[in-house]
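The structure appears below as structure tokens.
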Amino acid sequence: MCQLLGMNCNTPTDIVFSFEGFRHRAGLTDCHSDGFGIAFFEGKGVRVFRDNKPGHSSPIADCVKQYNIKSLNVIAHIRKATQGDVNIENTHPFMREIWGENWVFAHNGNLVNLPVTETIFYQPIGTTDSETAFCYMLEQLKTRFKHKPSEEEIFEAIQQISNELARYGTLNFMLSNGEWMIVRCSTNLHYITRQAPFGKAQRVDDGGVIDFNDYTKEGDKVTIITTVPLTKDEVWTKMDNGGFVFFKNGDKVWEVLGTLNTAPIDDGTLGKAGIA
């Protein structure tokens, strides 16, 4: 299956350190070489880079490295195809408009015999189960809410729709509108929140080292979410299977454990710029 990488923070942050380790898994240290994609939110806009070439060797991935885009929310994906041909239209992340916002979605897993979508407004462009599930999710939200609901209502609705979709198979995903990020774990997702006091970290996949003190300031808070931990000397939290987390400004706002017990958590504060 595929692997996911996400970032949610309270200060515009460069994801290159994490992305460089992550892209090694797209054909070098792992076999996820059927395309890659990454989406950066900038205000209400989104920069999306996708390629059906392996992420480790893609010139577009090299461009992302050189660009050093800073963003509050980023979603990246490296693909190992289970359904659909290896082409651009089947490459994650996928983006759609709802309530005047860009929503970005990436999925790791395999869903079979999903509900038919021919008669609904949101239609998949490609042939993946992932994009079909995203379209189904948005259609359900649009049917339930004629106007944009509160964040808590969105989070609760996403849980209900996702648990319905999870009956069809494995559903690890990341979803963001540029203000928040919702993450669901079906098998493997891990996250870490970096904040003061910052230290050094070494990547698992290529041994690259960074000292976050050189790029951050007190008050910065950056949460990285990924399928398998990217660093070897930091403590990553593994999400419960069937669990959800709502991240905003680098903080967990709500967490639903695998047992579906909800735990509200305080928000963080705003900062300016960093690297992850």
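The values are calculated or read from the model by the stated rules, or taken from the named source; none is laboratory data. Everything quoted here is computed from the prediction, not taken from an experiment. Here the Cβ positions follow ideal geometry from the backbone for every residue, glycine too, while neighbour counts run over all protein chains shown. With ligands, DNA and RNA removed, areas are computed over all heavy atoms of the protein, side chains included. Shrake-Rupley method; radii C 1.70, N 1.55, O 1.52, S 1.80 Å.
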When you scan the stretch 31-47, do you find a residue that is open to solvent by 60 Å² or more (accessible area, probe 1.4 Å) and hydroxyl-bearing (Ser, Thr, Tyr), even just one? no
State which residue pairs qualify: first residue in contact (Cβ under 8 Å) with a residue 12 or more places away in the chain and inside the stretch 138-149, second residue assigned to a loop (DSSP other than H, G, I, E, B) and surrounded by 13 or more Cβ atoms within 10 Å (Cβ to Cβ) in any location, beta carbons under 7 Å apart, and separation of 6 or more residues or different chains. 138/122; 139/120; 139/122; 148/99
Restrict the check to the stretch 169-187 and report whether at least one residue is polar (S, T, N, Q) and free of Cβ contacts under 8 Å to residues at least 60 places away in the same chain. no
Search result, residues across the stretch 122-143 that are among the polar types (S, T, N, Q) and open to solvent by 10 Å² or more (accessible area, probe 1.4 Å): 123, 127, 132, 140, 143
Hey, any hits in the stretch 162-169 for a residue that's surrounded by fewer than 14 Cβ atoms within 10 Å (Cβ to Cβ), outside any strand (DSSP E or B) and touching a Ser or Thr at 6+ places or on another chain (Cβ under 8 Å)? no
Neighbours by Cβ (under 6 Å, 6+ apart or cross-chain): first from the stretch 106-127, within 18 Å of residue 89 (Cβ to Cβ); second assigned to a loop (DSSP other than H, G, I, E, B): 106/92; 106/93; 126/84; 127/84
Kindly provide the set of residues from the stretch 219-248 that are surrounded by 15 or more Cβ atoms within 10 Å (Cβ to Cβ), among the acidic types (Asp, Glu) and in contact with a strand residue (DSSP E or B) (Cβ under 8 Å, 6 or more places away or on another chain), ordered by number. 220
Considering every residue within the stretch 103-115, establish whether at least one is in contact with a Pro (Cβ under 6 Å, 6 or more places away or on another chain) and β-branched (Val, Ile, Thr). yes
Could you go through the stretch 144-158 and let me know if any residue there is surrounded by fewer than 18 Cβ atoms within 10 Å (Cβ to Cβ), farther than 17 Å from residue 253 by Cβ, touching a strand residue (DSSP E or B) at 6+ places or on another chain (Cβ under 8 Å) and not charged (D, E, K, R). no
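One line per residue, one yes/no per condition, for (1) surrounded by 17 or more Cβ atoms within 10 Å (Cβ to Cβ); (2) at pLDDT 80 or above; (3) assigned to a loop (DSSP other than H, G, I, E, B); (4) over 17 Å from the mean Cα position of the chain (by Cα):
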position	(1), (2), (3), (4)
20	yes, yes, no, no
62	no, yes, no, yes
86	no, no, yes, yes
102	yes, yes, no, no
106	yes, yes, no, no
120	no, yes, yes, yes
Does the stretch 65-73 contain any residue that is over 16 Å from the mean Cα position of the chain (by Cα), surrounded by 21 or more Cβ atoms within 10 Å (Cβ to Cβ) and of a type outside the set (D, E, K, R)? no
Output the number of the condition that residue 193 fails; it satisfies all remaining conditions of (1) over 19 Å from residue 77 (Cα atoms); (2) touching a helix residue (DSSP H, G or I) at 6+ places or on another chain (Cβ under 7 Å). (2)
Out of (1) of a type in the set (Gly, Ala, Ser); (2) open to solvent by less than 10 Å² (accessible area, probe 1.4 Å); (3) modelled with pLDDT under 90, the one residue 57 does not meet is (2)
Any residue that is over 18 Å from residue 94 (Cα atoms), in a strand (DSSP E or B) and open to solvent by less than 10 Å² (accessible area, probe 1.4 Å) - is there at least one of those in the stretch 195-218? yes
Considering every residue within the stretch 259-273, establish whether at least one is over 19 Å from residue 175 (Cβ atoms), touching a Ser or Thr at 6+ places or on another chain (Cβ under 6 Å), at pLDDT below 90 and among the small types (Gly, Ala, Ser). yes
